[in-house]
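The next block holds one structure in the form of structure tokens; read it before the comments.
Only the coordinates and a few stated rules stand behind these numbers; no lab work does. Keep in mind that what you see is a predicted model, and the values were worked out from it rather than measured. We place every Cβ from the backbone using ideal geometry, glycine too, and count neighbours over all the protein chains shown.
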């Protein structure tokens with residue numbers, strides 16, 4: 001699942017509907033910028049393009065982009081079967 | 001004025017405060033910096049009952065009405081009216097807004113010289129730069145970021161004023177409701193809370209000074225409760241880690257933004273004032 005979080009977007013538990021699995025990956029395709037906020041299991045994370053987070057349990061992910069139009073958050077969430 | 005100041009002079013009506021601060025290097029603007037971009041000024045040690053009673057009294061107070069028309073993104077003509085490449089936009093709308101501001105000022109003072117009008121324009125544009133950032137982000141109409149409240153002296157939280165070592169203190173309370181957010185912005189502490197009053201007292205001598213610290217003016221935030229999971233405050237490159245009763249501050253020009261992903265309102269006190277030393 002590829003996601004583009006544009007300025008003004010705020011959403012909680014964005015992967016709640018993803019099917020259960022034994023492994024997941026969260027991959028960022030853009031750099032962190034001032035105004036970005038991503039919480040993974042209630043911990044604020046920072047990233048660069050190609051940063052990968054691995055999970056054995058489906059995480060809760062909250063996202064907000066409060067920066068500017070030139071800096072979307074590009075991310076991808078994968079279920080590994 | 002140098003070349004950059006001339007550039008600001010020409011375009012200031014349309015400039016983003018964030019971009020101006022970035023160009024003037026009013027903060028480190030280093031994405032890789034690991035410096036903590038806020039600091040705990042002091043801890044106000046009161047029992048949990050004090051804070052809870054204060055919050056209980058606070059939420060009974062009606063939120064302040066704010067003039068947030070500048071959040072509105074004009075729909076007529078050019079809906080995408082601020083071009084992020086050079087931040088130029090619709091002169092007609094910007095000029096009309098300035099004329100309205102000037103008319104309000106004239107009606108309050110009756111007489112105004114052309115020199116004063118020029119000075120007012122510069123100061124107005126400093127405030128306008130913040131509005132431009134909000135417009136640039138496309139914030140929706142009526143988005144007020146958080147509820148603002150002021151309190152009377154019989155509210156238990158007014159005791160906080162005796163704990164803070166500042167002159168000319170102004171205290172407001174901010175309640176950010178679930179899924180509300182504050183867009184990234186940079187404060188000009190010297191024009192916080194009562195900008196029109198303070199603008200008439202403020203006399204920057206250059207455009208660069210318009211975007212510079214006035215030194216003694218500071219802004220602090222006091223947490224009225226521990227932050228709950230999902231209540232996020234970003235100050236520059238740092239996520240604020242603080243607890244109930246902590247009062248934190250920051251260097252001039254640090255961009256900040258907040259969001260409340262939790263199911264509970266987040267209450268803080270917003271303090272502005274002048275340092276004594």
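Provide B:149, B:276, B:46 in ascending order of the number of other Cβ atoms located within 10 Å of each residue's Cβ, fewest first. Intermediate values should be presented prior to the final figure.
Numbers: B:149 20, B:276 8, B:46 17.
Exposure proxy ranking, most exposed first: B:276, B:46, B:149.
Can you list the residues of the stretch A:26-51 with backbone N under 17 Å from a point 7 Å past the Cα of residue B:34, pointing along Cα to Cβ?
A:45-48
Where does each of B:191, A:6 land when they are ranked from fewest to most other beta-carbon atoms within 10 angstrom? Don't skip to the end; give the middle numbers.
Values: B:191 22, A:6 13.
Ranked by crowding around the Cβ, least crowded first: A:6, B:191.
Relative contact order for the stretch B:212-258 using alpha-carbon pairs under 8 Å, separation at least 6, rounded to a whole percent?
Rounded, it is 46 percent for the stretch B:212-258.
Checking a compactness column here: for chain A, what do you get for Rg(Cα) / (2.2 N^0.38 Å), N being the number of residues?
Values: Rg = 12.0 Å, N = 81, 2.2 N^0.38 = 11.7 Å.
The reported ratio for this selection is 1.03.
Please state the relative contact order of chain A as a whole percent: Cα pairs under 8 Å, 6+ residues apart?
Details: 193 pairs, mean separation 41.3, N = 81.
Rounded, it is 51 percent for chain A.
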